[in-house]
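Read through the structure below, which is laid out as structure tokens, and then see the notes.
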Amino acid sequence: MTISSRTIPDRLRSPLEQRLKSWEALLLLVAICIFAANSFASPYFLNAWNLSDATFNFTEKAMIAFAMALLIISGEIDLSVASIIALSSTAMGAAVQMGMGTPILVLIGLGVGLLCGSFNGLLVTRMGLPSIVVTIGTMSLFRGISFIVLGDQAYRGYPSDFSWFGQGYVWWVISFEFVLFMVIAAIYFVLLHKTNFGRAVYAIGNNPTGALFSGIRVQRIKFILFILTGLMSGIAAICLTARLGSTRPSIATGWELEVVTMVVLGGISILGGSGTIVGVIIAAFVMGLVTFGLGLLNVPGIVMSIVIGALLIGVIALPRLWSVWRAR
Amino acid sequence: MVKRFIKSRETFLICAIILLITIISLRFPGFIRPQNLANVFNDTSPLILLAIGQMIVILTKCIDLSVAANLALTGMVVAMVNVAAPELPIVFTLMMAVSLGALLGMFNGILVWKLAIPSIVVTLGTMTIFRGTIFVISDGKWVNSHEMSSAFKAFPRMEILGLPVLGWIAIITVMVFTLVMSRTTLGRAFYAAGGNPHAATYAGINVGKTQFWAFTISGALAGLSGYLWVSRFAVSYVDIAGGFELDVVAACVIGGVSIMGGIGTVIGALLGALFLGIIKNALPVIDISPFWQMAISGCAIIIAVALNAQANRKKGRIILKRAELKT
Amino acid sequence: MMQKQADAILPLKEISKSPAVLELKAVTKVFPGVKALSEVSLKLIPGEVTALVGENGAGKSTVVKILTGIYQPDDGIILVDGQPTIFPVPQAASQSGVTAIHQETVLFDELSVAENIFLGHAPRGRFGLIDLKIMNKKSCDILHSIGARIDPEQKLKDLGIANKHLVAIARALSTDARVVIMDEPTASLSHKEIEELYELVESLKSQGKAILFISHKFDEIFRIADNYTVFRDGQIIGDGAISDVTDADLVKMMVGRDVSQIFPKRKTSLGKVILQVKSYTHPTEFEDISFTLRKGEILGFYGLVGAGRSEFMQALFGITLNTFGTIKIEDKPVQIKSPADAVENGIVYVPEDRGRQGAILDLPIFQNITLPSLGKISGNGFLKLAKEFKLARDYTERLELRAASFDTHVGNLSGGNQQKVVIAKWLATQPKIIILDEPTKGVDIGSKAAVHEFMAELAEQGLAIIMVSSEIPEVLGMSDRVIVMREGRMVTELNENNLQPETLVRHAAGI
């Protein structure tokens, strides 16, 4: 046919080389190296129960990280997630004091997360404020309310069936939290990569003006993303509270930065517009493995943070250094 | 000119601060005693120093989340040097603090400039690295008051005209940077690079290099505060000034610094820091639990950023002649 | 058109022999997918005005960027006073005495007028500090010399467009420049201000400065230029003394063929009224815009840059809010509060700023095309890739898009093909009214004709088209009716009977 010579193909087959050079592949390699190094370094590492314990290092943070990934792809950020956990947990603690049962506690945990998320979303999308500052403000506000309520006290006495959310096992070494993490990962994978909504999120992050000019309801979508992030923080609050069995206002301090680190490590551009959920999943495992492996070697937590910080800068800097060096 | 002065953020903040002080002194008259006000100012000085540095960084469309960690690391290093060599003169300690802080800031700056990594990622990373490094060099131990030399501890507390040296350093820094920002090429470059990076390039300003200098200044001021902090509280450990970077950003935002870059003044940053400092110092004396402080500063940030956005809202192009006449 | 008097020609030719202060020799610049400049040579001579003529996207702005050190040439050399030089950074160019007044006033809203003028070369006083007093004084003098009455201590953001432009000119004059590049300096000036600018150009000439003057307006080219250089598709088509050519010659060189041949003939068969706009007003951008639009009609909007045309269109498309007035589509009043509302009501907008507003350059072609039609290519919110590619294929084939594949990023396409993607994107939504804002800006000549033909075809199929254009041939060749805007207001509406280039220009400039 004469026409076929002019017809544009749908896709050019992406070369294997390109796929191997992808961020996810690089990250997977890092994960495998860490896994191997850990198994050499400590005899306790390759143990099903130990590995299962290790997942608790990242499952709760990763749940938030998925929603945060979408938010960052869209060009916004939420630094109040850890404070939402604190407020949500405080609300659940207060409900326990009033004798509420587990179903109500879960509803309260989710509800507070939802409310906090919509508060952030309203300030950013309705009033047009920059999210990085707004959420630094709500970060103080939400945790501040916890401090006002609790001061230096703590809530305890959660019902025993509530603790299952943080300590229960579904089958053998597979914890409820790990299953929840996998389910949420799958949901976010589909949402970002297979739906209209996800497509719009990428468009907004790449070029918010262009997306608006294409008839995308940019503010509505961003609002939903803030609500989702709040909701995920609520879910994480339920799991964490159930796991710890108590609530202090300082609960989950500094998690916002670990969550953002996880997202950026997963290859999500902090400038918005690119990255995948698969990357975030691998990044979650990398951070969990590093923390756990160093823990087995009796390396204190604060030193692990050097490794995480260096990893964050290193994985972004090295490819750029490489291209600067090659350009010479 | 008069109209602009009335509308400016600085005037608004001064009024807010006066109102705040009035309300507080109604409940606790002792608050407005000069000695107490000097105390409050002195107490807020580290925040003022860091807020000025942060303001410059934010002007260039960046953010420096590593300032508090830089402060803690520099503080620990000078404290340990002091323990090892107590006879070193205080001038040397000051110079070491400033240059070590500047070096740490340069590290941030070089990554932002040469590798074009977003500043939030860079400083998030260096924040954790700096904190971790403190643990490594100190082995997790504290440097306590009795280990430090008395000269080391005495310097920031020395009183001149009723105000300790710490407060004087803040005043001098405010004055120096007011001059730098308004009267030097570099100072104006900070505004240009953040306000319109594209045009700045046309005007021959290297935006990346300007950001590098902003981080260097921010780092130097953090380093200086590091020594002052450690000597004033006579203790150094891993977690000092934990989370303080957010207070610093808050002070800037309250002071009218736009997170989008290009807008902000030294006086604004000073007033923003004072506003937070007064609240922090006033809560205990008027019988409000200090646990309220966090929520109050959170509200202040949100209100301030809403006001900033209101003031800087784009009004659209001015095309109609009658619209231009009105402005 | 104004021609030089014969007696003025002789001394002019003598001056032309004087050595060039700045010269480009065989300069080539390549961008991914486009050869922006190909072996361009250009001489700028002291005391002479050289007019750079060419359509949008012909390569003029690339030349300016190379002369000012924003871009570096891939091949060829820059000579300053006959010596080969490179401008690795903009500062190098300004140190060699090259200064430019840019098309979009690239200045700093938050700085004062004086600081804008002297940024980078402020007068220093004691301790190397900027001397505010002298800076303000000097600014005052320069502003005064160009007849601008602006307070140098005012913040730039408080000025209107025309005054901002004067500040940009003052900035260019504040350096001790030997070469002044003026990129459409009169675009947003009033008639009186333009006259003052001409005087300014004359006085710069007498000071021995070389001037590169970029303009779309032939009357001013013939009024002030000594030499011309015509660009087309990144190449120099012709150059010489302005006195040797007529405007018809220049147009022919610019477009490469006679004007009348470019535009497709079409049968005009207007349908029923589809859009009625009444007293549409914005607080600062435009006021009292009223018109009707019929099916199958092409309504042109002409005016100078900054006349408020794009601003009005963006309000109609729901980008700009805070407007008053009524819009009726097919006799039904509609409320448009967002672009999504506009698209639902069948109004779509192809913006002028393709890179920022029109397309999402870092997304592939097919995703750009389906972005406003996601509902059509999905089931229950889940994307159906086969449907998506089919939709993309259906609409791009009609426009004869050229691309390696549908997952090529739009940013890698040429300007013309990018425009085809944006148009295809909107056609896929099956709109009733399409607004085209400078539809052929930055589009190469071949694609330009394709876009024009396609517009005619769409109109014949009954689509109502609004076309904003600053190119007179395009406005004349394509429109059934033309509305002329000036300073945010409709000044006149012209139809076939009185649609003349002179009338258009007169109304637009307010002469």
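Axis angle, to the nearest 10 degrees, between helix A:255-265 and the longest C-alpha principal axis of chain A: 20 degrees.
Within segment C:460-481, what residues put their amide N at less than 20 Å from the label point 7 Å along the Cα-to-Cβ vector of residue C:273? It comes to C:462-467, C:480-481, nothing else.
Residues of chain A were split at every exposed loop site, defined as chymotrypsin sites (Phe, Trp or Tyr not before Pro) in a DSSP loop with at most 15 other C-beta atoms within 10 angstrom, and the longest piece left, sites excluded, is A:173-328. Looking at segment B:122-171, the trypsin sites (Lys or Arg not before Pro) that sit in a DSSP loop and have at most 15 other Cβ atoms within 10 Å of their own Cβ are B:141.
Approximating the spin labels as points 7 Å out from Cα along Cα→Cβ, the residue C:198-to-residue A:98 distance works out to 8.1 nm.
Between residue C:219 and residue C:495, the simple spin-label model (points 7 angstrom out along Cα→Cβ) gives 2.6 nm.
Residue separation times 0.36 nm, minus the C-alpha to C-alpha distance between residue B:179 and residue B:145: what's the value?
Difference between extended and current length: 8.5 nm.
For residue C:291 and residue C:332, the FRET efficiency from 1/(1 + (r/R0)^6), where r spans their Cβ atoms and R0 equals 22 Å, is about 0.80. The trypsin sites (Lys or Arg not before Pro) found in segment C:420-498 include none that occupy coil by DSSP while having at most 13 further C-beta atoms within 10 Å. Let a ≥ b ≥ c be the square roots of the eigenvalues of the Cα gyration tensor of segment A:106-260; is it rounded (a/c under 1.5), or, if not, prolate (a/b larger than b/c) or oblate? Verdict is oblate for segment A:106-260.
If we count every other residue with Cβ under 10 angstrom of residue C:338's Cβ, Lys/Arg +1 and Asp/Glu -1, where does the sum land?
+1
Projected label points at residue C:394 and residue B:85, each 7 Å from Cα along the beta carbon direction, are separated by 7.9 nanometres. With neighbours defined as other Cβ atoms within 10 Å of a residue's Cβ, the residues A:110, A:123, B:104 order from fewest to most as A:110, A:123, B:104.
The Cα atoms of segment C:313-436 cover 46, 34, 23 Å along the three principal axes, with the biggest extent listed first.
Using a Förster radius of 35 Å, what is the FRET efficiency between residue C:144 and residue C:249 based on their Cβ-Cβ separation? Nearest 0.05, please.
Details: r = 40 Å, r/R0 = 1.14.
The computed FRET efficiency comes out at 0.30.
Each residue of segment A:298-309 was assigned a 3J(HN,Hα) from its phi angle through the Karplus curve 6.51 cos²θ - 1.76 cosθ + 1.60 (θ = phi - 60°); the sequence is 6, 7, x, x, 5, 6, 4, 5, 4, 4, 5, x Hz, with glycine and proline shown as x. For chain A, the square roots a ≥ b ≥ c of the C-alpha gyration tensor eigenvalues yield an a/c of 1.5 or more together with a/b not exceeding b/c, which makes the shape oblate. Across segment C:462-468, computed HN-Hα scalar couplings (Karplus, 6.51 cos²θ - 1.76 cosθ + 1.60, θ = phi - 60°) run x, 6, 8, 10, 10, 10, 8 Hz from first to last residue, x flagging Gly and Pro. Peptide C:392-399 shows a mean partner chain C-beta count of 1 within 10 Å per residue C-beta.
Between residue C:380 and residue C:129, the contour length at 0.36 nm per residue exceeds the Cα-Cα span by 83.8 nm. In this structure, the amide hydrogen of residue C:349, modeled 1.01 Å from its nitrogen in the peptide plane, lies closer than 5 angstrom to those of C:435, counting only residues at least 5 positions away or on a different chain.
As a rough footprinting exposure proxy, the listed residues A:53, C:109 were ranked by other beta carbons within 10 Å of their own, and the order from fewest upward is A:53, C:109.
Amide H contacts of residue C:181 (H built 1.01 Å from N, in plane; Pro and chain starts excluded): C:99, C:100, C:101, C:212 sit under 5 Å, all sequence-distant by 5 or more or on other chains.
Counting Cβ atoms of other protein chains within 10 Å of each residue's Cβ and taking the mean over peptide C:283-290 gives 4.
Filter C:138/C:209; A:222/C:328; A:222/C:332; C:328/C:425; C:272/C:337 down to the pairs with a C-alpha to C-alpha distance above 29 Å, please.
Over 29 Å apart, Cα to Cα: A:222/C:328; A:222/C:332.
Throughout, read-outs are computed from the coordinates displayed, never taken from laboratory work. Fair warning: this is a prediction, and the values are worked out from it, not measured in the lab. Here the Cβ is made from the backbone with ideal geometry for all residues, glycine too, and neighbour counts use every protein chain on show.
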